[in-house]
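Working notes, structure below.
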């Protein structure tokens, strides 16, 4: 009986894979070469990198909603009192021991370098791979490293300033989106101001995304501890 069920599931999976393959092969060719369209409109985007132009200008509302999802995930976690106890996950015993002096020294050395890397990624996003999400992830990684080394306290009760900082990047992005309505469309920037607006949005997002991603690890009543101090 078990083997028959397994063969049935395998057959259905193979049938689904075949149907998807046929559907993909039957798709017509793209009527528009989007890469060429992006390159043609790149001078009006305010940046020199096509990915940044798409994410922050041509399809900025996608990025806006992605930031909103991350912010809502963090707020939902806090509202639910997420933590090892609330989620029925036992705390990691490795996090209950005093921090290793070697780890603390390494964290003190790496954290400033990670800040520099985040700043570079933010600035480089206008003309090469980089941008707010990458820079924010590096900032969050620095905060997690400091926490694991016992050099940064957990955010057991996030105050008003921290909550405002979490929302600041999204609020700035939303303000820019609303301002575009004056030009006739959501998130449409004046060409002369596009570069400066995108840089300001990315700077705000870097700050907020770094705190949001770090908050998913540090915030809550049962945030992981590196032992000892902080």
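Where a number appears in this text, it was derived from the coordinates with a stated rule and is not lab data. Small disclaimer: the values here were computed from a predicted structure and weren't measured. Cβ atoms come from the backbone with ideal geometry, glycine included; neighbour counts cover every protein chain shown.
Taking a ≥ b ≥ c as the square roots of the Cα gyration tensor eigenvalues, with a/c under 1.5 meaning rounded and otherwise prolate when a/b beats b/c, else oblate, which class fits segment 104-146? Provide the component values of the computation, followed by the final result.
Numbers: a/c = 4.43, a/b = 2.28, b/c = 1.94.
Prolate.
If packing is taken as the average count of other Cβ atoms within 10 Å, what order do 43-52, 157-166 fall into, highest mean first?
Result, highest mean first: 43-52, 157-166.
Using a/c under 1.5 as the rounded threshold, could you call segment 102-189 rounded, prolate or oblate? The axes a ≥ b ≥ c are square roots of the C-alpha gyration tensor eigenvalues, and prolate needs a/b larger than b/c, oblate otherwise. Working shown, then result.
Numbers: a/c = 4.99, a/b = 1.69, b/c = 2.95.
Oblate.
Answer rounded, prolate or oblate for segment 1-62, using the Cα gyration tensor with square roots of eigenvalues a ≥ b ≥ c: rounded when a/c is under 1.5, else prolate when a/b is larger than b/c, else oblate. All intermediate terms of the calculation are to be shown ahead of the outcome.
Numbers: a/c = 6.44, a/b = 2.85, b/c = 2.26.
Prolate, because a/c is 1.5 or more and a/b exceeds b/c.
Counting other beta carbons within 10 Å of each residue's own, what order do 39, 202 fall into, fewest first? Walk me through the numbers before you get to the answer.
On the way: 39 12, 202 30.
Least to most surrounded, the residues fall as 39, 202.
Between residue 38 and residue 6, what's the calculated FRET efficiency when r is the beta-carbon distance and R0 is 30 Å? Round to 0.05. Each step should come with its number before you reach the end.
Working: r = 47 Å, r/R0 = 1.56.
Here the calculated transfer efficiency is 0.05.
Could I have the simple spin-label model distance between residue 157 and residue 79, label points 7 Å from Cα toward Cβ, reported in nm to one decimal?
So the label points at residue 157 and residue 79 sit 2.2 nm apart.
Which number do you get for Rg(Cα) / (2.2 N^0.38 Å) in segment 121-168? Each step should come with its number before you reach the end.
Numbers: Rg = 13.6 Å, N = 48, 2.2 N^0.38 = 9.6 Å.
Relative to the rule-of-thumb radius for its length, segment 121-168 sits at 1.42.
Could you order peptides 53-65, 205-217, 9-21, 109-121 by the average number of other Cβ atoms within 10 Å of their residues, highest first?
Values: 53-65: 19.2, 205-217: 23.3, 9-21: 10.0, 109-121: 15.5.
Going by the mean number of other Cβ atoms within 10 Å, highest first, we get 205-217, 53-65, 109-121, 9-21.
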